[in-house]
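The values are calculated or read from the model by the stated rules, or taken from the named source; none is laboratory data. Treat the numbers as computed from the prediction; the structure is a model and nothing was measured. With ideal geometry, Cβ positions are generated from the backbone for all residues, glycine too; neighbour counts draw on all protein chains shown. Only protein heavy atoms, including side chains, enter the accessible area calculation; ligands, DNA and RNA are left aside. Shrake-Rupley method; radii C 1.70, N 1.55, O 1.52, S 1.80 Å.
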Amino acid sequence: MSRLRVVEILRSESSPGHVVVKGWVRTKRDSKAFSFLELNDGSCLGNLQVVADATLPGYEEAVVPARTGASIEVEGEIVASQGQGQRWELQASRVVLIGPAPEDYPLQKKGHTMEFMRSIAHLRPRSNLFGAVFRIRSRMAYAIHQFFQERGFVYVHTPIITASDCEGAGEMFRVVTMEGEKVRAGADEFFGKPTYLTVSGQLEGETFACALSNIYTFGPTFRAENSHTSRHAAEFWMIEPEIAFCDLEGDMTLAEEMVKYLVDDALVHCAEDLDFCNRFVDKGLLERLEFVRDRAFERISYTAAVELLLASGQTFEYPVQYGLALQSEHERYLTEQHFRCPTTVYNYPKEIKPFYMRRNDDGKTVAAMDLLVPGIGEIVGGSQREERLDVLLANLCEQGLDPSAYDWYVDLRRYGTVPHAGFGLGFERLLMFITGVGNIRDVIPFPRTPGTAEF
Ligand code: 4AD
Ligand code: MG
């Protein structure tokens with residue numbers, strides 16, 4: 001007799017025989033002679049049907065009170081199911097009620113709103129949808145490491161507490177000790193200077209690329225932008241590869257390959273969970289993912305994209321004009337209406353991009369790129385980095401930044417500088433794209449957004 005997970009039983013070719021299974025009751029139906037319990041242990045979407053004969057010893061104490069939400073242990077024989085919809089069922093010979101769940105268990109019925117599910121983020125992984133989303137999240141984290149490790153990239157842990165604002169946007173959370181009063185008076189800076197939660201590991205990542213050639217980071221990042229959209233969180237995870245001896249072209253190619261690789265991996269390894277998302281979240285999901293896996297992506301320069309948007313005849317809420325950032329509605333027009341596939345926009349005006357991006361020969365644009373996908377817009381932002389010392393120093397001054405604060409970063413251009421490039425993939429944006437889930441709060445276990453930090 002062995003303890004098995006539900007997934008091992010449901011996927012086995014022949015009966016595993018006599019087993020012990022532990023999990024939570026999803027539903028129970030009672031007839032005169034039997035109870036049917038749907039048992040889920042989170043190992044897969046499917047439930048194991050348990051048949052408990054009313055003559056079982058302990059039936060009154062263990063099976064009768066084993067309501068939705070209760071945890072139980074069942075021992076018995078796996079037999080071919082008589083009923084529809086499942087191959088195997090568990091004929092119980094012993095049922096133990098581990099933890100009962102009273103009738104106020106919040107996940108009684110199906111069809112709760114996503115808003116309600118957010119209010120019970122501690123219980124929502126026990127639902128079909130959130131179980132699927134968080135298994136996919138786990139698999140994608142694994143596949144990201146696999147993608148880079150297969151290509152010889154070194155995983156670097158960049159700091160979470162930092163003194164530099166990588167994006168120069170001033171959207172950082174300040175790190176202070178509990179002795180806040182003193183801090184406000186400027187008397188007690190724990191680190192001797194102001195520090196913040198990182199918005200990006202890029203700058204530190206670049207130092208490692210300029211030593212180990214190909215590196216990536218994968219960690220939490222924080223932004224104090226007051227964006228109340230379905231695509232912004234205050235805490236999110238980013239994957240940031242950095243490649244030495246690489247230009248913008250190679251950078252765009254790596255980003256495209258990575259997105260395709262991850263979509264393919266999900267289609268192969270998360271088939272059951274994606275099928276659920278396709279049925280209950282977004283009916284076009286599987287078709288779209290297969291399309292993304294199989295077809296080449298588009299690329300267009302920022303300048304050409306602006307011309308295309310101006311000529312589109314569409315009315316947009318935000319203006320389209322050379323020199324302005326592309327808004328989500330513009331990005332979505334490009335990927336959903338015009339190209340109908342993932343699209344990389346490159347060479348943006350230097351005025352709307354950070355200091356570290358490499359100036360192009362036209363003097364107006366920088367070697368930046370954003371990878372946009374249908375339904376979401378930007379999921380990747382990256383660039384070739386300015387490797388020329390004099391140009392980098394000029395950029396810092398032009399953007400009103402103090403070069404001495406970036407001394408160590410500038411050193412990379414003083415000592416053996418090399419062309420290099422990288423990008424940041426927003427992990428949650430990727431997950432929204434892969435699952436079809438429309439709100440970033442629903443692909444993060446415990447989301448942090450302006451005004452909410454529950455759990
Ligand atoms: O475009 P961003 O700001 O680029 C950087 O931070 C660069 N330092 C990356 C690099 O070149 N190494 O952010 C990268 C990605 C975005 O494309 C988006 O997917 C995600 O991070 N992102 C967010 N995701 C969720 N919530 C937010 N508030 C996000 N801000 C950015
Ligand atoms: Mg960006």
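Quick check on the chain: take the gyration tensor over C-alpha atoms, sort the square-rooted eigenvalues as a ≥ b ≥ c, and tell me if it's rounded (a/c under 1.5), prolate or oblate.
Details: a/c = 2.37, a/b = 1.93, b/c = 1.23.
It is prolate, given that a/c is not under 1.5 and a/b is the larger ratio.
Ordering HIS18, HIS157 by how much accessible area each has at a 1.4 Å probe, largest first, what is the list?
On the way: HIS18 70, HIS157 140 Å².
Solvent-accessible surface, decreasing: HIS157, HIS18.
Can you give the accessible area per residue of the chain, in Å², using a 1.4 Å probe?
Here the per-residue accessible area is 46 Å².
The stretch 343-404 to the stretch 116-163: how many Å between their Cα centroids?
Each part's Cα centre sits 28 Å from the other's.
Might you report the magnitude of the Cβ-based charge dipole of the stretch 119-205 about its Cα centre, with Lys and Arg at +1 and Asp and Glu at -1, to the nearest 20 debye?
Working: 10 positive and 9 negative charges, 134 e Å.
Using only the charged Cβ atoms, the result is roughly 640 debye.
Does the stretch 5-69 come out rounded, prolate or oblate, given a ≥ b ≥ c as the square roots of the eigenvalues of its C-alpha gyration tensor, rounded meaning a/c under 1.5 and, failing that, prolate meaning a/b above b/c? Each step should come with its number before you reach the end.
Details: a/c = 2.19, a/b = 1.56, b/c = 1.41.
Because a/c hits 1.5 or more and a/b exceeds b/c, the stretch 5-69 counts as prolate.
Leaving out ligands, DNA and RNA but keeping every protein chain, what accessible area does SER230 have, in Å² rounded to the nearest 10, with a 1.4 Å probe?
Accessible area, nearest 10 Å²: 40 Å².
What nm distance separates the two modelled labels at ALA325 and GLN399, each placed 7 Å from Cα along Cα→Cβ?
1.3
May I ask which of LYS110/LYS283; LYS22/LYS283; LYS22/LYS110; LYS260/LYS364 have a Cα-Cα span longer than 26 Å here?
Numbers: LYS110/LYS283 19 Å; LYS22/LYS283 33 Å; LYS22/LYS110 23 Å; LYS260/LYS364 32 Å.
Too far apart for the 26 Å limit: LYS22/LYS283; LYS260/LYS364.
Once amide H atoms are placed 1.01 Å from N in the peptide plane, what residues at a sequence separation of 5 or more from ILE98, or on another chain, have their amide H within under 5 Å of its amide H?
SER71, ILE72, GLU73
In the stretch 267-365, what GluC sites (Glu not before Pro) fall in a loop by DSSP, with at most 15 other Cβ atoms inside 10 Å? Intermediate results must be reported in sequence, preceding the final value.
Details: sites: GLU272, GLU287, GLU290, GLU298, GLU307, GLU317, GLU329, GLU331, GLU336, GLU351; in loops: GLU317.
Loop-located and lightly packed - GLU317.
If the only charges are +1 at each Lys and Arg Cβ and -1 at each Asp and Glu Cβ, what is the size of the charge dipole of the stretch 244-305 around the Cα centre, to the nearest 20 debye? Before the final figure, lay out each step's value.
Details: 7 positive and 15 negative charges, 50 e Å.
Value, rounded to 20: 240 debye.
For the stretch 165-295, what class follows from the C-alpha gyration tensor (a ≥ b ≥ c being the square roots of its eigenvalues): rounded when a/c is under 1.5, otherwise prolate if a/b is larger than b/c, else oblate?
Oblate shape, in that a/c is at least 1.5 and b/c is the bigger or equal ratio.
GLY436's amide H: which non-local residues (gap 5+, or another chain) put their own amide H closer than 5 Å, with H modeled 1.01 Å from N in plane and none for Pro or chain starts?
Sorted by chain and number, the residues that satisfy this come to none at all.
Tell me, what HN-Hα J-couplings in whole Hz come from the Karplus equation 6.51 cos²θ - 1.76 cosθ + 1.60 at θ = phi - 60° for each residue of the stretch 68-81, using x for Gly and Pro?
Whole-Hz 3J(HN,Hα) from phi for the stretch 68-81: 3, x, 6, 9, 9, 10, 10, 10, x, 10, 7, 10, 4, 6.
Evaluate E = 1/(1 + (r/R0)^6) for TYR59 and ARG448, where r is the Cβ-Cβ distance and R0 equals 51 Å; express this FRET efficiency to the nearest 0.05. Mind dumping the intermediate values first?
On the way: r = 46 Å, r/R0 = 0.90.
Computed FRET efficiency for TYR59 and ARG448: 0.65.
Tell me the relative contact order for the chain as a rounded percent, counting alpha carbon contacts under 8 Å between residues six or more apart. Present the calculation step by step, with values, prior to reporting the outcome.
Working: 846 pairs, mean separation 58.0, N = 455.
That works out to 13 percent.
Keeping every protein chain in place, order LEU197, LEU274 by accessible area at 1.4 Å, biggest value first, i.e. largest first.
Details: LEU197 45, LEU274 0 Å².
Largest accessible area first, the list is LEU197, LEU274.
When the accessible area of the stretch 258-375 is split by element with a 1.4 Å probe, what percent falls to carbon and sulfur?
In the stretch 258-375, the share of accessible area belonging to carbon and sulfur is 45 percent.
Going 7 Å from the Cα of HIS112 along its beta-carbon direction, which residues of the stretch 272-293 have the amide nitrogen within less than 18 Å of the resulting point?
281
Report the extension gain between VAL79 and GLU8 in nm, rounded to one decimal, defined as 0.36 nm multiplied by the number of residues separating them, less their alpha carbon distance.
24.1 nm is the gain from fully extending VAL79 to GLU8.
Treating the beta-carbon of each Lys and Arg as +1 and of each Asp and Glu as -1, no other charges, what is the dipole magnitude of the stretch 1-89 about its Cα centre, to the nearest 20 debye? Working shown, then result.
Working: 10 positive and 12 negative charges, 59 e Å.
Taking the Cα centre of the stretch 1-89 as origin, the dipole is about 280 debye.
If you rank PHE218, PHE280 by how much accessible surface each has, with a 1.4 Å probe, what is the order from largest down? Display every interim value, and only then the final one.
Values: PHE218 20, PHE280 135 Å².
From most accessible down to least: PHE280, PHE218.
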